[in-house]
Amino acid sequence: RWLLRRFDSVSSISSRMVEQLLTKGVDIRKTRYFPNWVDISHINPGTTSGGGFRQELAIAKDAKVVMFSGSLGGKQGLMAIPAAANLLAHRTDIVFVICGDGVMKPALQEALAGLSNVRFLPLQPVERLGELLCTADIHLLPQSPDAADLVLPSKLSGMLASGRPMISTCRPGTELDCVVSSCGIVVPPDDPEAFAGAIAKLADETATRLELGRRARAYAEDYFERDAILGRIFRTIEGENE
């Protein structure tokens, strides 16, 4: 409280975290919503093909790629993925791709050992990020219940920019729920059957999957595009200094 109240401007990456600043006594006029942005020209489904990764991972052209890409940490609720992959092991047309590194990777590898519908990738260079994310047909965004109440994960903007729908585990009414429900499917945390069911639904319903992906791209363009976010921040600062 002592420190935050002595700055001219205090920003945070989600609206709920900005609300927390107010509880710390920060003047509302000094708060800024400053979300993580995305370079929508670099991650662009209209110009990027994911065929390279499909070939490298020996994934059939007609298979649906269900992807998690990001830090494999404890706050992501990642064990929902092996639970869903096991429930969908009979679906040879659905392949899970897990890309990233972190403390949870050994546990994930152990839980997924022996499944033929899973591929692991190490963290990829930024030059291939657009290609990687556009390889997916469906993105997974599991979150632990406590984390989802406050934050918008940094990986969210890239998923949206790829023009693919996502499935997230979070509570109703959270900020993440508000975003994902407009361009994907939200299921309750700790409900692997619902998680697997949502994956199967999007894999099977092509029109729904494509429409939600279109909405995801539009959301990224409207709310997370880099120049638009920076422009709003700079205009606000310049207006205060006039």
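Remarks
- Hey, Ala207 buried (at least 17 other Cβ atoms within 10 Å of the Cβ), in a helix (DSSP H, G or I) and among the aliphatic types (A, V, I, L, M) or not: no
- The lone criterion from (1) within 30 Å of Glu131 (Cβ to Cβ); (2) open to solvent by less than 30 Å² (accessible area, probe 1.4 Å) left unmet by Ser12 is number (1).
- Listed by first and then second residue, the pairs with beta-carbon distance under 7 Å, at least 6 apart or on different chains, first residue in the range 54-75 and modelled with pLDDT of 95 or more, second basic (Lys, Arg) and part of a helix (DSSP H, G or I), are Ser69/Lys155.
- Lone qualifier among Ile199, Ile229 - being under 28 Å from Leu21 (Cβ atoms), over 12 Å from the mean Cα position of the chain (by Cα) and open to solvent by less than 30 Å² (accessible area, probe 1.4 Å): Ile229
- Check on Gly231, closer than 20 Å to Val65 by Cβ and not in a loop (DSSP other than H, G, I, E, B): no
- Close pairs (7 angstrom Cβ cut-off, 6 or more residues apart or separate chains): more than 14 Å from Gly213 (Cβ to Cβ) in the range 152-175, at pLDDT below 95 and aromatic (Phe, Trp, Tyr) anywhere: Ser157/Trp37; Ser157/Phe224
- Output for the range 10-34, where each listed residue is hydroxyl-bearing (Ser, Thr, Tyr) and under 24 Å from Glu225 (Cα atoms): Ser11, Ser12, Ser14, Ser15, Thr31, Tyr33
- Candidate set from the range 67-83 (those that are closer than 17 Å to Pro153 by Cβ and outside any loop (DSSP other than H, G, I, E, B)); member that is most open to solvent (accessible area, probe 1.4 Å): Lys75
- Residues (of a type outside the set (Gly, Ala, Ser), loosely packed, with under 15 Cβ neighbours inside 10 Å and in contact with a helix residue (DSSP H, G or I) (Cβ under 9 Å, 6 or more places away or on another chain)) located in the range 17-27: Leu22, Lys24, Asp27
- Residue match in the range 28-43 (condition: closer than 30 Å to Lys201 by Cα, of a type in the set (Gly, Ala, Ser) and either open to solvent by less than 40 Å² (accessible area, probe 1.4 Å) or in contact with a Lys or Arg (Cβ under 6 Å, 6 or more places away or on another chain) (or both)): no
- Selected residue (only one of Val126, Val118 is within 17 Å of the chain's Cα centre (by Cα) and farther than 19 Å from Ala216 by Cα): Val126
- Identity of the residue in the range 189-229, out of contact with any Asp or Glu (no Cβ under 7 Å at 6 or more places or on another chain) and of a type in the set (Lys, Arg), that ends up nearest to Ala63 (Cα to Cα): Lys201
- Within the range 31-45, tally of residues that are in a loop (DSSP other than H, G, I, E, B) and either without any contact (Cβ under 8 Å) to a residue 12 or more places away in the chain or closer than 30 Å to Val10 by Cα (or both): 9
- Qualifying residues in the range 155-187 (those that are closer than 19 Å to Val97 by Cβ and open to solvent by 20 Å² or more (accessible area, probe 1.4 Å)) - the one nearest to the chain's Cα centre (by Cα): Lys155
The values are calculated or read from the model by the stated rules, or taken from the named source; none is laboratory data. Because the structure is predicted, anything quoted here is derived from the model rather than measured. Positions of Cβ are generated from backbone atoms using ideal geometry, with glycine treated the same way; all protein chains shown enter the neighbour counts. SASA here: full protein model, heavy atoms, side chains in, ligands and nucleic acids out. Shrake-Rupley method; radii C 1.70, N 1.55, O 1.52, S 1.80 Å.
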